[in-house]
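No value in this document is a laboratory result; all are computed from the given coordinates. Because the structure is predicted, anything quoted here is derived from the model rather than measured. FYI the Cβ positions are ideal-geometry reconstructions off the backbone, even for glycines, and counts take in every protein chain you see.
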Amino acid sequence: MEAFQATRTQTPRNPTAEALLDAAERLLIEVGHGGISTRRLAEEAGANQGLIHYYFGSMDELFVQVLERFTGRLVARQRQMYAAEIPFIQKWRTAWRLQEEDLSAGYSKIWMELQALSWSHPELRPRVARVNAEWRGVLRDAFERAAREYGLDEEEFPVDALVAMTMTFGQGYAIERLEGIDEGHEQLLGWIERWLERLGAKGGDR
């Protein structure tokens, strides 16, 4: 898959549009897209109802821009974290601490809400897929550096496979956590950390 290109719709700078995005973000976390009417959103934002379509054209477009804006903030944070000159295992631990923060902040729910919305609104799928591709790009860059750090064989540990495994695990982890399920999560993360520790020890022996 090609690296993500920054083709997302630019976030409006108008204060009213920003207030509508902020309100939609809060409501997506609180009640989900199915519980948001234009009237409720306008009241939450303290704006005229007609301005939703003036600035965004549709509620779906507004919801997608909420996801894109939120993703932009987190991706910038994540890239900065992975660029630090520290062992990869420390970055991995930080990434999972940040995953917990993102769950608490509501990002994971918003992403799941938009994925569910795109299942019945095919025109949204490319936009949601670009968010997925952006996260894959972050992981690909991080794992390529980690593979060099650990001296991993490309055929035995293909980076794209590691990215796909982590993305699948991360989204499954988020879904279960949102459902109140955490069975086996601590054990799985502990097992991965022990594996990374062994890789680091082998790398130090080279």
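Helices meeting the span-like rule in the chain (full DSSP H runs, Cα extent of at least 24 Å along the helix axis, mean Kyte-Doolittle score of 0.5 or higher): 159-178.
Net charge dipole, the chain: roughly 480 debye, given to the nearest 20, about the Cα centre with Cβ charges of +1 for Lys and Arg and -1 for Asp and Glu. Labels on offer are [x] -0.41, -0.59, -1.19; [y] -0.32, -0.49, -1.20; [z] -0.36, -0.55, -1.34, and the one holding log10 I(q)/I(0) by the Debye sum over Cα atoms at q = 0.09, 0.11, 0.17 Å⁻¹ computed from this structure is [x].
Residues Glu183, Glu68, Glu61 in ascending order of nearby Cβ atoms (within 10 Å, fewest first): Glu183, Glu61, Glu68.
Going from the fewest other Cβ atoms within 10 Å to the most, the residues Trp92, Trp111, Trp119 appear in the order Trp119, Trp92, Trp111. For a modelled paramagnetic label at Ala83, 7 Å from Cα along Cα-to-Cβ, the residues of segment 108-146 in reach, with backbone nitrogen under 18 Å, are 134-146. The residues Asp182, Asp141, when put in order of fewest to most other Cβ atoms within 10 Å, stand as Asp182, Asp141.
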